[in-house]
Every structure is written in C-alpha cells, then in structure tokens.
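The values are calculated or read from the model by the stated rules, or taken from the named source; none is laboratory data. Here the structure is a predicted model, which means the values were calculated and not measured. Cβ sites come from the backbone with ideal geometry, for glycine too, and all protein chains shown count toward neighbours.
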Amino acid sequence: MEQALNDALSFFSGFPEWALCLVLFALAILQYIFPPVPSDTLLVALGILVSQSVFHPVFGFLSYVVGAAAGAAGLFFLTYFLGDKVRKIKFVNAHINENTHDRAKKIIEKYGGASYFILRFVPSMQCITIIVMGLIKTEKKKSLFWIISVTVFACLVYYLLGILLGSNIPKLIEILETLGAAGWMILAAIVAAAVTGFIIYKIRSNRKNGG
C-alpha cells in the first residue's frame, strides 16, 4: 500500500502545478454539467496530496473553489432564465421528476436560500437543489449569496477531511501492517460495506423518486 501511495504521489508530482490547477478548475465546473464527475471525492484526494506536500495548500484549493462557485452560480442563472425549458433536457428530466421537484420546492420555500446548506450534503441533491431554486425563481441576490457561501464552506470541509486523512496515512499503514492479513480483511470489509450501503441507498432513492 505504501509503495502504491508513493507511486501515485510521484505521478502527480511530475505535472506542472499550474496544469493541475487548470484541471481542478475545469472539473469543478463540469460537476454541474455532468454530475457524475467526482466533486467531493476529488477534494478529499486534493487534501491528501496537499498533506503529502505534493500540492500547494492554497493554489489547488482556490482553483477548485473558484470553478465550483462559478459552476453553481452559472447553473442557477441558466435555470432561472430558461425556466421550464431546462426540464425538457433528458438528463434533468431523468433526475428531477414531479416528486423530487415538489419535495425540494417545499424545503426551498420554507427555508429560502438557506435550504441549499441543508441539501448540499445530501447525496445527489447538490445540482437538483440549484436547478429547482432557478425553476421557482428564488430571489437572485440572496440565492447567489447562499449558493456561493455554502459551496465554499462545503469545499473547505471536504478539503480539510482529505488533509486529515492524508496526515494519518502513515499511522493507518502502520496499524494495517501490524495487524497483518486481518487488518487488510477488516479494511476490505469496511470498504465493501460502504459501497454496498451506497448502492442500496441509490436504489431506494430512485424508487422513491419514481426512477
């Protein structure tokens, strides 16, 4: 595991930092156009790289945050001005049925722009919430304030989580090596349980949303 980590760090170290910043900026925007593009996971990975001194602690994070804020604001204005035309887009229509739309709308109407803080950390709701805010035409200035503020806050949370994980990788490797095969089996079981739980959650979520 330690060798695999060193290989990964060496791979990223071979690229100019400005090029990696451009990639981070682009991916941060693309997550709002193609939601499957990793967003929070990418930030955790960035934090791990920073903890291993592969990446500058400020430049990479700022590149991602600026891209994420621009993408979120752009998605809001796009849906705000296009209105129901956005619902005709195949991808949007597939993920925002009447059930999902009405549930998000109720929360947004109750809490206003602050609803994005509530829904931002709910899996699959990041883009949906922004789209619904645009569709029901929430007040532009307040919505923009909340969207950008929560985006920056969420990015910081996942970034710091990555740094925390990265800083403790040597300890984790040491523990796994001490436990031997049993340690790797426990780690594999935890990962398998997390993946299985996520898949089950997605299936149930799709069923509830009529997918």
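Going through (1) within 25 Å of Val44 (Cβ to Cβ); (2) touching a Leu at 6+ places or on another chain (Cβ under 9 Å) one by one, Ser149 falls short only on (2). With respect to the conditions (1) of a type in the set (A, V, I, L, M); (2) part of a loop (DSSP other than H, G, I, E, B); (3) at pLDDT below 75, Ile33 falls short on a single one, namely (3).
Taking the criterion of being closer than 20 Å to Leu82 by Cβ and without any contact (Cβ under 8 Å) to a residue 12 or more places away in the chain, the only residue of the range 103-145 that qualifies is Lys141.
Just so you know, in the range 53-76 the residues that are surrounded by fewer than 19 Cβ atoms within 10 Å (Cβ to Cβ) and in contact with a helix residue (DSSP H, G or I) (Cβ under 7 Å, 6 or more places away or on another chain) include one that is farthest from Ile136 (Cα to Cα), and it is His56.
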